[in-house]
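The values are calculated or read from the model by the stated rules, or taken from the named source; none is laboratory data. What you see is a predicted model, and the numbers here were worked out from it, not measured in a lab. With ideal geometry, Cβ positions are generated from the backbone for all residues, glycine too; neighbour counts draw on all protein chains shown. These accessible areas exclude ligands, DNA and RNA; they are computed on the full protein's heavy atoms, side chains included. Shrake-Rupley method; radii C 1.70, N 1.55, O 1.52, S 1.80 Å.
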Amino acid sequence: MVSRVDVLFNRQVIVEGIAMTAGQISYDRNAARLARLSLTVADPLRIPSTADDILTPFGYELLVWRGVQLPAGPELIPLGVFPIQVASADGVTLLSSITAE
């Protein structure tokens, strides 16, 4: 399986394929929001430190793709667009944790 996460701002892709180490999408049809995304990003240059960083919850969204790797290249389908709600960083491991709904 192949996964990709793009960062959107004003519905435009501004970063394609951020480096992630783990991710999970959970669906609950009885919740106020159908889906919830938890993501761990491994790129130390993407650690949110100011309000205008791309992994902060100020207008940025994540577009999640999932698919299979074929000989001609990956075949991906979109799983959804998730507005970033919470972003935090670990200063020791340099991993960013993101929650989006």
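Go through the stretch 37-46 and count every residue that is in contact (Cβ under 8 Å) with a residue 24 or more places away in the chain and either aliphatic (A, V, I, L, M) or loosely packed, with under 11 Cβ neighbours inside 10 Å (or both).
Residues flagged as in contact (Cβ under 8 Å) with a residue 24 or more places away in the chain and either aliphatic (A, V, I, L, M) or loosely packed, with under 11 Cβ neighbours inside 10 Å (or both) within the stretch 37-46 amount to 4.
Would you mind telling me which numbered condition in (1) touching a Pro at 6+ places or on another chain (Cβ under 8 Å); (2) not in a loop (DSSP other than H, G, I, E, B) Asp6 fails?
Going through the list (1) touching a Pro at 6+ places or on another chain (Cβ under 8 Å); (2) not in a loop (DSSP other than H, G, I, E, B), Asp6 breaks only (1).
For the stretch 13-36, enumerate the residues that are touching a strand residue (DSSP E or B) at 6+ places or on another chain (Cβ under 9 Å), open to solvent by less than 80 Å² (accessible area, probe 1.4 Å) and more than 23 Å from Gly91 (Cβ to Cβ).
Val13, Gly17, Ile25, Ser26, Asp28, Ala35 - these are the residues of the stretch 13-36 that are touching a strand residue (DSSP E or B) at 6+ places or on another chain (Cβ under 9 Å), open to solvent by less than 80 Å² (accessible area, probe 1.4 Å) and more than 23 Å from Gly91 (Cβ to Cβ).
Name the single residue that is farthest from Val5 (Cα to Cα) among those in the stretch 80-99 being aliphatic (A, V, I, L, M) and not in a strand (DSSP E or B).
If we take residues in the stretch 80-99 being aliphatic (A, V, I, L, M) and not in a strand (DSSP E or B), then Val92 is farthest from Val5 (Cα to Cα).
Condition test on Asn10, is it on the phi > 0 side of the Ramachandran plot and open to solvent by 70 Å² or more (accessible area, probe 1.4 Å)?
It is true that Asn10 is on the phi > 0 side of the Ramachandran plot and open to solvent by 70 Å² or more (accessible area, probe 1.4 Å).
What number of residues in the stretch 59-77 are touching a Leu at 6+ places or on another chain (Cβ under 8 Å) and either farther than 12 Å from Val2 by Cα or open to solvent by 80 Å² or more (accessible area, probe 1.4 Å) (or both)?
Total meeting the criteria: 5.
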